[in-house]
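K.L.:
Below is the structure I would like to discuss, written out as structure tokens.
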Ligand SMILES: NC(=O)c1ccc[n+]([C@@H]2O[C@H](COP(=O)([O-])OP(=O)(O)OC[C@H]3O[C@@H](n4cnc5c(N)ncnc54)[C@H](O)[C@@H]3O)[C@@H](O)[C@H]2O)c1
Ligand SMILES: [Zn+2]
């Protein structure tokens, strides 16, 4: 416990010393909002379904119905979820002037709903659908309504192309605009705070290495160990919601001293 308190204090001091802190968040950011991640032992989605059969662009096109059933389940979790203590702590940190922005792998939109600014959603969003032929964007509810009416090939009103959630599937490239904005954020930051990511999915897995090469610092809050823990100034293996609000409270207290 003493060890944890020291780490919490250390993280608060790193943020206070930084002029450009960026948070890099993964699915672990949202598990406390009730959205399952992919790789947590026991609860991760990849223990229930085969990643090759779901969420890849090829499997979506060849087996749209089966994929949509899986996605509707995840979509319902997202629909019912609310920003948690961790999301709110980041917004608070930003209001204190100590958080530049957030790079997230999450597609749930919870950072934006928590009113954090400067959020880059690298893997797109589950709150929209996109036409695979003409790229027209629709609210995800348009697509869900078609599926709930029994149409397991939901289609674009303009060109009749197949709709998919506007999230990046395996086998699809990331949007270059988001990628460029992320690279800028990474090269400008002096402290990267990794929250709830296994750091196994690229390009996000590169970012901690990049910031270290630039002479910036790295801090991690993730329940499981990551390959970058040994390179971090501090690595805390606890739940974000149990730790981050306390870190932000210390930052606020020290700023007002
Ligand atoms: N909420 C979402 O939008 C969501 C949900 C599932 C998957 N995904 C997608 O899955 C991919 C998975 O990569 P990833 O690295 O983001 O996730 P991941 O599943 O590979 O890793 C999540 C990590 O978070 C940790 N974790 C879980 N709950 C935590 C908590 N409360 N506090 C601290 N740590 C916690 C786990 O130990 C794990 O190491 C991403 O590309 C993302 O787009 C997104
Ligand atoms: Zn279309």
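The values are calculated or read from the model by the stated rules, or taken from the named source; none is laboratory data. Quick caveat, the model's predicted, so the values are computed rather than measured. When we count neighbours, we look across all protein chains shown, and the Cβ atoms used for this are built from the backbone with ideal geometry, even at glycine.
K.L.:
Looking at the structure I just gave you, is residue 179 farther than 29 Å from residue 89 by Cα, at pLDDT 95 or above and not in a loop (DSSP other than H, G, I, E, B)?
P.N.:
no
K.L.:
What are the pairs with Cβ atoms under 9 angstrom where one residue, in the stretch 235-257, is farther than 24 Å from residue 208 by Cα and the other, located anywhere, is exposed (fewer than 14 other Cβ atoms within 10 Å of the Cβ)? Sequence gap at least six, or different chains.
P.N.:
That search, which allows pairs on different chains as well, returns 255/97.
K.L.:
Hey, another quick one. If residue 234 satisfies all but one of (1) crowded, with 17+ Cβ neighbours inside 10 Å; (2) more than 21 Å from residue 118 (Cα to Cα); (3) within 11 Å of ligand 1 (Cβ to nearest atom), what's the number of the condition it fails?
P.N.:
The single condition residue 234 does not satisfy is (3).
K.L.:
Identify, please: which residue in the stretch 222-231 is touching a helix residue (DSSP H, G or I) at 6+ places or on another chain (Cβ under 7 Å) and free of Cβ contacts under 8 Å to residues at least 60 places away in the same chain and is, among those, farthest from ligand 1 (Cβ to nearest atom)?
P.N.:
231
K.L.:
What do you reckon, is residue 178 in contact with a strand residue (DSSP E or B) (Cβ under 6 Å, 6 or more places away or on another chain), surrounded by 15 or more Cβ atoms within 10 Å (Cβ to Cβ) and under 13 Å from residue 71 (Cβ atoms)?
P.N.:
No: the conditions fail for residue 178.
K.L.:
Within the stretch 74-89, how many residues are surrounded by 14 or more Cβ atoms within 10 Å (Cβ to Cβ) and over 20 Å from residue 116 (Cα atoms)?
P.N.:
Count: 3.
K.L.:
Moving on to the next point. For the stretch 147-171, give me each residue that is surrounded by 16 or more Cβ atoms within 10 Å (Cβ to Cβ) and within 16 Å of ligand 1 (Cβ to nearest atom).
P.N.:
164, 165, 166, 167, 168, 169
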